Structure formats: structure tokens, C-alpha cells
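Let me begin by presenting the structure, written as C-alpha cells, before commenting on it.
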Ligand code: SF4
Ligand code: SF4
């Protein structure tokens with residue numbers, strides 16, 4: 001059995017006051033000073049925390065909003081003096097895709113490395129756009145995989161990047177043939193290049209160190225090399241270089257110590273892959289394909305060319321087709337590429353990395369079910385460091401999360417915690433789906449239900465197809 005993958009974590013509290021959804025408004029006037037005041041019995045101790053918060057207040061730019069909204073004190077105050085208010089700052093976080101709830105739950109995971117628990121009685125919608133129109137089938141929960149969740153059995157979340165031979169060939173008892181390099185990652189996840197519209201912090205040192213600690217890979221733009229504080233021997237195996245055509249070429253010595261590089265798509269992309277492979281046969285080379293109107297077609301076209309081993313498709317930050325008026329969502333685009341690869345007999349030869357709109361660990365599992373080998377993320381790592389996804393993020397503006405000033409220990413601690421929480425949730429999902437191997441989850445749409453399909457099946461004959 002392979003050694004168990006385990007990420008060491010410890011709590012990393014936020015640097016800024018928490019931005020919760022609820023706060024309690026206490027009118028005080030006419031208070032009867034009851035001995036058994038409801039404030040004393042808040043199970044989350046929020047009134048004492050608030051008093052402490054006010055005592056140690058450093059600036060007055062943030063009110064205390066950290067109530068859990070259980071309504072206990074509000075309902076039980078004998079004079080009805082307490083009221084619950086919703087924090088306008090919370091409601092202004094993110095956008096319609098990166099909702100305040102997603103941002104808050106990411107902060108919580110980055111702080112504690114724990115799986116978020118919503119408690120009994122989920123009150124939200126059961127279907128929605130994007131990944132919310134897809135449900136994972138949890139009906140397979142059986143003892144061996146349940147044991148995997150509790151660590152008594154092993155659920156492997158490892159995946160491979162690189163070309164896998166379609167068959168093994170032997171000559172005189174020796175394995176011969178394709179000896180393409182293969183990278184084994186412990187999770188179907190790599191850290192993507194930072195989002196171009198969230199340009200404030202220089203995150204490379206944090207991401208490279210987190211990749212080394214979690215045994216993953218962080219993509220680094222060659223234009224931003226060298227990264228501060230890099231330890232070549234320890235970090236380079238966890239750095240994947242994005243070979244920016246407008247940046248100076250990286251020295252061969254540097255590339256000889258890394259395992260993965262990526263180039264942008266273009267007319268000469270195939271020739272460039274061959275050139276890199278000739279000079280550095282140990283490297284796995286990916287082509288980055290933007291998922292615009294031509295993206296799916298281009299990814300399929302590239303996959304049928306000789307020598308191509310990895311395609312990294314990137315949708316926009318919200319998981320939509322780039323620049324389209326009526327954009328398709330990433331899960332549908334992944335399914336199309338995956339199905340075409342199967343039809344062309346190329347599925348095992350090509351690794352498909354998909355990025356854009358992966359906001360939660362369930363999105364990672366769902367993207368893999370749709371056919372991705374692994375996914376790439378950038379915004380969740382930024383949010384882990386208390387980013388609020390402001391619509392105007394620029395070096396000339398003041399960052400409300402003070403991201404310019406983060407230290408390495410804090411940044412690495414928070415991002416490591418987030419990766420650990422995502423890993424635990426992937427194991428939970430796989431355990432409940434009866435899967436013990438992430439490689440086998442790829443394209444296994446039998447483990448999921450799609451709202452569109454169910455709706456069509458149930459109501460299509462009566463009302464026709466929804467356009
Ligand atoms: S609503 Fe609940 S969590 Fe919030 S302060 Fe009152 S008792 Fe505490
Ligand atoms: S909090 Fe706002 S300004 Fe700061 S990094 Fe995030 S998006 Fe940019």
C-alpha cells in the first residue's frame with residue numbers, strides 16, 4: 001500500500017476582523033437586567049467575544065459581525081430588545097458566482113483546515129446554474145469506503161499527468177516502448193497562474209512553498225522568475241513553469257530540475273512542444289488552451305496531434321466560455337472534450353487539466369466526473385488569504401484585506417489548510433460514492449445526476465425540451 005498522503009495543518013486565525021453574515025443589535029433601553037440574561041447563554045459565546053473585540057479594537061473600520069444567527073437570544077429576551085441584522089459588507093463580497101457564502105466558507109477552511117458543516121436541515125436551493133445542476137450520487141456508501149473516510153482503509157486521491165501508453169510491450173521479458181515521463185500528484189489539483197484581474201499581491205513565494213508542503217505543483221510565469229526566497233532543490237520539483245513567450249528563456253539548468261512546463265496555444269504550439277521535449281525529455285509539457293468560442297474544438301484538434309500529452313483548458317473566472325454572449329459552462333465543455341477524446345481513442349494518452357470557476361472542493365470532484373483528469377485553481381488560494389474579490393483590485397488601490405503585507409508563514413498556513421480541507425472533502429465525496437481511486441472517478445458520469453437530463457426524462461415528453 002502506498003504511504004498515506006497526509007497534510008500537516010494548524011489553525012491560522014485571520015488578520016482582519018471576521019466578516020460574518022449576522023450581527024446582533026442590542027437596543028439596551030428598558031433592559032430589565034434579568035439574572036438569567038439570554039446573552040450569557042449564547043452557545044457560541046458571541047457577547048463575550050464582542051466585548052473583547054471592542055476592548056482590543058485597533059481601528060474603527062469594521063463592526064463586529066460574527067453571530068451564527070441561531071435566533072436563540074433574539075427569541076428569548078423577555079423584553080424583546082435584541083434584533084438580528086445582516087452585514088452589508090458580507091452581502092457585498094464577491095459576485096454572483098463567487099458568492100459571499102463561498103468566500104466565507106473558504107475563509108473558515110483556511111483558518112481551521114476543517115470541513116465546513118452547515119448543520120441539520122439544509123435550507124438552500126437543491127438545483128441551480130453551473131455545478132449546482134449536477135449532484136453526486138452518494139447512494140454507494142458502503143463499509144470499505146466509509147472506513148476510508150475514517151482512515152482505516154486507504155482512498156487514493158492520486159492522479160497522473162502525462163502520456164500513458166495504451167498497452168505494454170515486452171521484448172525478451174523487458175518492458176519496451178513509450179517511456180514518456182509521468183508525474184504522480186497526490187490530489188487532482190494544481191495551482192494555476194494568479195488571476196490577471198486580481199493583480200495586487202505577489203503570491204508566488206506563498207504558492208510555491210504551499211505546493212512543496214502539499215506535494216502539488218504551482219504554475220509560475222517565467223516572466224516573474226526568480227521568485228523570492230526560493231530553495232531550488234526543494235521547490236523546483238513543485239514548480240511548473242508557464243513559458244511566457246515575451247519573457248527571456250529560462251536556463252536549461254533550471255528546467256532540468258523541474259518536472260512540468262506549460263506553453264500558450266498558438267500556431268507553433270506543436271512544434272514548440274517537440275522542441276522542448278527534444279531538449280528536455282524528462283519534462284511533461286502542457287499546452288494552455290483558452291476556452292473561448294473555439295476552445296473546445298481546438299482542444300480536441302490538439303489532442304489528435306502526435307506528441308501532445310497534456311492540455312490545460314482555461315475558462316473565465318466564473319467557469320464560463322470566454323467572450324461568448326450566451327456562454328457555456330465549464331462542466332459541459334469538459335464533457336464534450338472528454339467524449340471526443342474517447343471517440344478518437346486518445347483518452348488515456350492525453351491528460352486534461354481544467355481551470356476556471358472551480359470554487360469549492362465539490363466542483364473539483366464534479367469536474368473530474370465530467371472528464372477532467374485534474375483541475376487548476378487560483379482564486380480560492382487568494383480568498384484563503386482573506387481576499388474579498390473586490391471588483392477593482394489594483395496596486396494603486398488600498399486592499400481592504402491588507403494583502404500587500406502578508407507574511408509567508410501566514411500565507412502558507414492558510415493555503416495549506418485550504419488544500420487539506422479540500423482533500424478531506426474529496427475523500428468524503430469519494431467514500432460516499434463508493435470510489436477508492438481518483439483515477440477511476442474521471443469521466444464516471446454514472447456517479448452523478450444532471451438536472452437537465454432528469455428534467456428532460458421526467459417532463460420532456462409533456463412540455464418539450466428547455467431551450
Ligand atoms: S443569535 Fe445565537 S449565535 Fe447570535 S448572539 Fe444570539 S445566541 Fe449567540
Ligand atoms: S481584497 Fe480586493 S483589493 Fe485585496 S487582493 Fe482581494 S480583490 Fe484585490
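The values are calculated or read from the model by the stated rules, or taken from the named source; none is laboratory data. The structure displayed is predicted, hence computed values, not measured ones. Counting neighbours? That spans all protein chains shown, and the Cβs are built from the backbone with ideal geometry, glycine included.
Given the residues 35, 6, which is the only one that is without any contact (Cβ under 8 Å) to a residue 12 or more places away in the chain, under 29 Å from residue 385 (Cα atoms) and in a loop (DSSP other than H, G, I, E, B)? Full working, then the answer.
Values: 35 fails: under 29 Å from residue 385 (Cα atoms).
Result: 6 is the single residue among 35, 6 that is without any contact (Cβ under 8 Å) to a residue 12 or more places away in the chain, under 29 Å from residue 385 (Cα atoms) and in a loop (DSSP other than H, G, I, E, B).
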Worksheet entry | Residue ranges of helices (runs of 4 or more DSSP H) in the range 356-435 with at least 3 members at pLDDT below 95 and surrounded by fewer than 23 Cβ atoms within 10 Å (Cβ to Cβ) | 408-433
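Residue-by-condition table, conditions (1) surrounded by fewer than 19 Cβ atoms within 10 Å (Cβ to Cβ); (2) in a helix (DSSP H, G or I):
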residue	(1), (2)
311	no, no
324	yes, no
333	no, yes
336	yes, yes
339	yes, yes
Discussion item. Just checking: which of the strands (runs of 3 or more DSSP E) contained wholly in the range 218-282 hold 3 or more residues that are in the same structural domain as residue 184 (by TED's automatic domain parsing) and under 16 Å from residue 205 (Cβ atoms)?
Written reply: 218-221, 239-242
Item to complete: Those residues that are near ligand 2 (Cβ under 7 Å from one of its atoms) and at positive phi, I need them from the range 387-409; list them, please.
Response: 389
Discussion item. Which of the numbered conditions does residue 110 fail, given that it passes all the others? Conditions: (1) away from ligand 2 (no atom under 16 Å from the Cβ); (2) part of a helix (DSSP H, G or I); (3) closer than 21 Å to residue 17 by Cα.
Written reply: (1)
Discussion item. Can you say whether residue 83 is more than 16 Å from ligand 2 (Cβ to nearest atom) and either assigned to a loop (DSSP other than H, G, I, E, B) or more than 26 Å from the chain's Cα centre (by Cα) (or both), as far as the supplied structure shows?
Written reply: yes
Worksheet item: Residue check: is residue 115 at pLDDT 90 or above and assigned to a helix (DSSP H, G or I)?
Response: no
